[in-house]
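Where a number appears in this text, it was derived from the coordinates with a stated rule and is not lab data. Here the structure is a predicted model, which is why all the values come from computation and not from measurement. A quick note on method: Cβ atoms are made from the backbone with ideal geometry, for glycine too, and the neighbour counts reach across all protein chains shown.
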Amino acid sequence: MSILYDFAIIGAGAAGLSAAQYGARANLKTVVIEEMAPGGQALLIDNLENYPGILEPINGYDLAERMRAQAERFGSAFFDGSVSSVKKEAGRFLIETSGGTVESLTILIATGAKHRMLEIPGEEAYIGKGVSYCATCDGPFFKGKRMLVVGGGDAACDEATYLSKLSDKIVMIHRRDRFRAQKALGQRVLTNPSIEVRFNTVAKEIKGDSKVRSVLLENTQTHEQIEEFFDAVFIFIGSIPQTQFLQGTDIKLDETGYIVTDCGMRSSLPGLFAAGDVRTTPFRQIITAAADGAIAAHEAANYIDEQRGQAYR
Ligand code: NAP
């Protein structure tokens, strides 16, 4: 007979792992479903320095591993599988995964978001041959080389700063005349002697042979184009929420596809919660994802109590 969980969490990033810990500690029979290694976007962070209480910067992988071990220690189960659909029947959620069906009274979507592509000629063809979306993964291959960073948000600034430790030949382009990033991160880039920032500039084409050789850049104001030599192109232009498996449900999404929740992380479908980068939120950080996860677990426990007529409000 299959197990009926109280709280099934899809996604083992900061939101999912925090929810797993809070869920298990609230005595919910909790399972985390993840198709890859736990950690989500945190795995891409080399030096995490803005999490409260972290005096010495910590690697994102190490933090994720600690969060996973903590959730497991409190009794959360972990299940490997890729989720294809979710539906609610007779008050229970049925989650179809590559490893079988998981049944649960409540569900938390914590699947995060995946990197957006520029969609310019050459980008797809050179992925793994100089085009990358992860500086900590691929930066070390280009030590001392000429690298282009595309983007103007927190991620682009953080990653450019990381790459500047590997090479003093970093060019960063942003399509506007100032950064979208938090002031401190932008300022760090602007004062970094290894990074040359060019605003009002976009990449039009990535060229090469067996690997990236050059990028065609365009000034958005003068429309002047120039082809410049680069060994690598790192692209950080935002992300796309991972909600494909919700197709066919009527769960409310915003105009860009993020799940709409209230402050209790409740979606439009009772019993289904969303936390972290996959939901509509003004600030996407590890700390906000972890806080979302804690709130979602608390509200999932309340929801189950309500269904059983045992709510203490
Ligand atoms: P983001 O904040 O959405 O920024 C994306 C940047 O890419 C924007 O500057 C945007 O330009 C640009 N862009 C988007 N599409 C483009 C295109 N087709 N061509 C050229 N440029 C394009 O995304 P993010 O930097 O990945 O950050 C995502 C979330 O994670 C944010 O909430 C961020 O705060 C958080 N985060 C935080 C940290 C940190 O605190 N250390 C680190 C990483 C990420 P426009 O400005 O013109 O729209």
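One table, with the values for the structure above:
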item	result
Residues located in the stretch 143-152, provided they are buried (at least 23 other Cβ atoms within 10 Å of the Cβ) and either more than 16 Å from the ligand (Cβ to nearest atom) or more than 19 Å from the chain's Cα centre (by Cα) (or both)	MET147, LEU148
Residue check, ILE45 among the β-branched types (Val, Ile, Thr), within 12 Å of the ligand (Cβ to nearest atom) and closer than 22 Å to ALA113 by Cα	yes
In the stretch 283-312, residue nearest to ARG68 (Cα to Cα) [restricted to those that are assigned to a loop (DSSP other than H, G, I, E, B) and within 14 Å of the chain's Cα centre (by Cα)]	GLN285
Cross-chain or 6+ apart pairs with Cβ under 9 Å, the stretch 108-122 first and more than 9 Å from the ligand (Cβ to nearest atom), then aromatic (Phe, Trp, Tyr) and assigned to a loop (DSSP other than H, G, I, E, B)	LYS114/TYR133
Every pair of residues 6+ apart whose Cβ atoms lie under 7 Å, when the first sits in the stretch 153-172 and is within 15 Å of the ligand (Cβ to nearest atom) while the second is of a type in the set (Phe, Trp, Tyr)	GLY153/PHE236; ALA155/PHE236; ALA156/PHE236; CYS157/PHE179; GLU159/PHE234; GLU159/PHE236; LEU163/PHE234
Among residues of the stretch 91-120, those that are closer than 21 Å to ALA290 by Cβ and either small (Gly, Ala, Ser) or crowded, with 17+ Cβ neighbours inside 10 Å (or both), counted	8
Residues that are part of a helix (DSSP H, G or I) and either in contact (Cβ under 8 Å) with a residue 12 or more places away in the chain or surrounded by 13 or more Cβ atoms within 10 Å (Cβ to Cβ) (or both), drawn from the stretch 70-90	GLN70, ALA71, GLU72
